[in-house]
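Here the structure comes first, spelled out in structure tokens, and everything after it is commentary.
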Amino acid sequence: MDEDTSEGVAREDRGSADVDGRSRDDGRSRDDGIPRTDGGTERADEPTDDVALDPWGSASVGDYADLFEEFGIEAFDDVADDVPHPHYLMRRGVIFGHREYDAVAEAMANDEPFAALSGFMPTGDPHIGHKLVFDELIWHQRQGGDVFGLIADLEAHSARGMSWPEIDEHARSYLLSLLALGFDAEDGELYRQSDNREVQDLGFELGSKANFSEFEAIYGFDGETNVSHMQSVVTQTADILYPQLVDEPKPTVIPVGPDQDPHVRLTRDLATRVRYFKVTEAFASFELDDDERQLVRAAYDALAGEPTDANTDVRCTDAAEWLAEYDAPSGLGDAKATALDKLEAGGKEPLRPRVRFFDRNATDEAFEALIEAIDGEKRVFEGHVDAFDLSREAAESVARGVEIDHDGYGFRQPSSIYHRFMTGLTGGKMSSSIPASHISLLDDPEDGYDKVRSATTGGRDTAEKQRELGGEADDCPVYELYAYLLAADDDELTKEVYSECVNGERLCGGCKEQAAELMREFLEDHQEKREEAEELLDDLDIDLDSDRRGTGGEH
Ligand code: SF4
């Protein structure tokens, strides 16, 4: 949740959302009986935003399903079954999307190292939207991950113009809530961007692989954007890779709202741009792109099994002949034409599967060391090495090992998970500028109670109609409160509320009363725990009384 400061900045990747073509089943297709929540995106009476993902703009999404197509975010349901003990936000479809979370789920399942990190801009009081992310971090910590929470103070100062005293105060409050909810600060690490020299240094390095045109395209930055705002972006990419810097490269998940996806995409890119070597698979001296490789592999697999004469080599010309007759899957038509050209140009050269190491940023010593480290048959060329007896995976690990031994980072691309934004209690989106639309973790428990009691619902106009038609739990901010927060780990409660509602057995008055009481209890309990956390916080080595000067910027 954020203030709506979106000025409609032009974005190369701004999509055109189809306002009416919204699917009703995105993320809710799993057959486990747990009702999926949709973040209120299916309200017919809501204006639908387009699907631009803007980290400093309006944090609302018209249709989550669009994010899969437009940006290549993957549906969380596809990995959910691989997560050993999924969190309730995962079970209920609140976490709806991911990038490469499989790597993290696998590490978790195999007891291998993994990390989680997220950051918070200290622009106001922590609210129930932040609690989602706090909970996600804490859960990953309890699953055995190395977990990091950071205060994005440089971003708040440079992009939002927050003063340092305000930042100090809010930072303190975020950290108290994170601790109160169960973050173990002995086990994990909490920091503020401005105090983390390693993050600054890493950001500096990463920044040398990015340029302004790219920032323009990704974030809509222009000639008016202040330079420190840009620096805060570079800092965030460093935050995201920091868990792999302080320890070793490992799968790392960044739990965030989808508005942060541009940062994740950029960081995934930078993580590879700083690598010493790029590992690809090849079949001959020439290069293939992914599509072409798929076709050449098909040709090779078909022919390698049936040697034609005493000479068992499959030659480029043989593969070209085979491919010419091959009915390529749709979408690979262009690749077929270019692969054919390459194979024909290859002539009599035999096809032999191999992994290829490109020298991207390696020093001479590192390149030499790589050659040494490759077992089995290899051929060394200017700028690359081909290895014939290594799997792709083994090759990746050799490359990473050499890189790390020679002062490189060896980063893996970070993973991410995305949660739905909550609908405001007053309908529409939850916004910190409309107090009644959201609940702050600092709200007086009685105010929290009142806000829930006065919330908009998915109920019918009269009790009679409600009994007859049932309520619309899918479009109800109160139902969302149960699913996102109030029911906590109790799936039975969410199922009960949902089915009683849609079957007309539940009326909104009582339903809200129950939710309001749960909210009051939650706030009472949380605020008590915040007080207890004061001492924990004071024992941590975090400076919450910064002596920085300056007034910051806003654009
Ligand atoms: Fe929402 Fe509860 Fe009313 Fe159903 S009964 S519409 S869940 S408030």
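The values are calculated or read from the model by the stated rules, or taken from the named source; none is laboratory data. Predicted, not measured: the structure shown is a model, and the values here were computed from it. A quick note on method: Cβ atoms are made from the backbone with ideal geometry, for glycine too, and the neighbour counts reach across all protein chains shown. To get the accessible areas, we keep the full protein, side chains included, count just its heavy atoms, and leave off ligands, DNA and RNA. Shrake-Rupley method; radii C 1.70, N 1.55, O 1.52, S 1.80 Å.
The relative contact order of the chain comes to 20 percent, based on Cα pairs under 8 Å that sit 6 or more residues apart. Angle of helix 290-304 to the longest C-alpha principal axis of the chain, folded into 0 to 90 degrees and rounded to 10: 50°. Placing dummy labels 7 Å off each Cα toward the beta-carbon, the span from S397 to D525 is 4.4 nm.
Sparse packing (at most 14 other Cβ atoms within 10 Å of the Cβ) combined with a DSSP loop state is found for the following GluC sites (Glu not before Pro) in the stretch 366-466: E377, E382. Counting only Cβ charges, +1 for Lys and Arg and -1 for Asp and Glu, the dipole size of the stretch 491-540 around its Cα centre is about 540 debye. Considering the options T272, A304, G62, tell which one lies farthest towards the positive end of the dipole of the chain, charges being +1 on Lys and Arg and -1 on Asp and Glu at the Cβ, about the Cα centre. The listed residue farthest towards the positive side: A304. Using equal-weight Cα scatterers in the Debye expression, the normalised intensity of the chain in log10 at q = 0.05 Å⁻¹ is -0.25. Projecting the Cα atoms of A369, A238, T551 onto the charge dipole of the chain, computed from C-beta unit charges around the Cα centre, puts A369 farthest toward the positive end. Amide H contacts of D146 (H built 1.01 Å from N, in plane; Pro and chain starts excluded): F114, A115, A116 sit under 5 Å, all sequence-distant by 5 or more or on other chains. Using 0.36 nm per residue and subtracting the Cα-Cα separation, the extra length available between F381 and S454 on full extension is 19.1 nm. Bridging of K378 to lysines at a Cα separation below 21 Å is possible for K278, K348, once same-chain residues fewer than 8 apart are set aside. Pair-distance distribution P(r) for the stretch 278-405, from all Cα-Cα distances in 5 Å bins starting at 0: 2, 11, 20, 19, 17, 13, 10, 6, 2, 0 percent. Compared with the dominant principal axis of the Cα atoms in the chain, helix 197-207 is inclined by about 50°.
What does the extension gain come out to for A109 and D389, with contour length at 0.36 nm per residue minus their alpha carbon separation?
Result for the pair: 97.9 nm of gain on full extension.
Which one, V502, S285, S173, is farthest towards the positive end of the dipole of the chain when Lys and Arg carry +1 and Asp and Glu -1 on their Cβ? Ranked along the dipole, the leading option is S285. For the chain, the longest principal axis of the alpha carbon atoms and the long axis of helix 491-502 meet at an angle near 70°. Placing +1 on the Cβ of every Lys and Arg and -1 on the Cβ of every Asp and Glu, with nothing else charged, gives the chain a dipole about its Cα centre of roughly 760 debye.
Between E446 and F212, the simple spin-label model (points 7 angstrom out along Cα→Cβ) gives 5.6 nm.
Remark: accessible surface ordering of S330, S546, S232 (largest first) is S330, S546, S232, probe radius 1.4 Å. With a Förster radius of 30 Å applied to the C-beta separation of E186 and D82, the computed FRET efficiency comes to 0.55. Rounded to the nearest Hz, the phi-derived 3J(HN,Hα) couplings of the stretch 250-256 under the Karplus curve 6.51 cos²θ - 1.76 cosθ + 1.60 (θ = phi - 60°) are 7, x, 9, 10, 10, x, 8, where x marks glycine and proline. What is the calculated FRET efficiency for E205 to T312, with r their C-beta to C-beta distance and R₀ = 45 Å, to the nearest 0.05? E(calc), rounded to 0.05, equals 0.40.
Note on E287/E554: beta-carbon distance plugged into 1/(1 + (r/R0)^6) with R0 of 45 Å gives a FRET efficiency of 0.45. Here is the size of the stretch 296-359 from its Cα atoms: Rg then Dmax, 12.2, 38 Å. Basic side chains Lys and Arg get +1 at the Cβ, acidic Asp and Glu get -1 at the Cβ, and with that the dipole of the stretch 278-405 about its Cα centre reaches some 60 debye. Think of it as helices only: each DSSP H run of n ≥ 4 in the chain is worth -39500 (n - 2.57), and spread over all residues that comes to -13500 deg cm²/dmol at 222 nm. Residue by residue, the stretch 401-411 carries 3J(HN,Hα) couplings of x, 4, 4, 5, 5, 10, 6, x, 8, x, 4 Hz when phi is fed to the Karplus relation 6.51 cos²θ - 1.76 cosθ + 1.60 (θ = phi - 60°); x denotes Gly or Pro. For a paramagnetic label modelled on N361 (point 7 Å from Cα along Cα→Cβ), amide N atoms under 15 Å away belong, within the stretch 396-411, to 400-411.
Anything over 27 Å Cα to Cα? Flag those among K131/K209; K429/K495; K209/K336; K131/K451; K209/K429, in the order listed.
Working: K131/K209 34 Å; K429/K495 24 Å; K209/K336 33 Å; K131/K451 18 Å; K209/K429 37 Å.
As for pairs spanning more than 27 Å Cα to Cα, those are K131/K209; K209/K336; K209/K429.
If packing is taken as the average count of other Cβ atoms within 10 Å, what order do 236-246, 480-490 fall into, highest mean first? Show your work: numbers first, answer last.
Details: 236-246: 23.4, 480-490: 21.4.
Output ranking for 236-246, 480-490: 236-246, 480-490.
A simple spin-label model places pseudo-atoms 7 Å from Cα toward Cβ; at K348 and V246 they are separated by 6.1 nm. Taking a ≥ b ≥ c as the square roots of the eigenvalues of the Cα gyration tensor, an a/c ratio of 1.5 or more together with a/b no larger than b/c marks the stretch 97-225 as oblate. Across the stretch 343-353, coupling constants 3J(HN,Hα) worked out from phi with the 6.51/-1.76/1.60 Karplus curve, θ = phi - 60°, read 5, 5, 5, x, x, 7, 4, x, 7, 9, x Hz, and Gly and Pro carry x.
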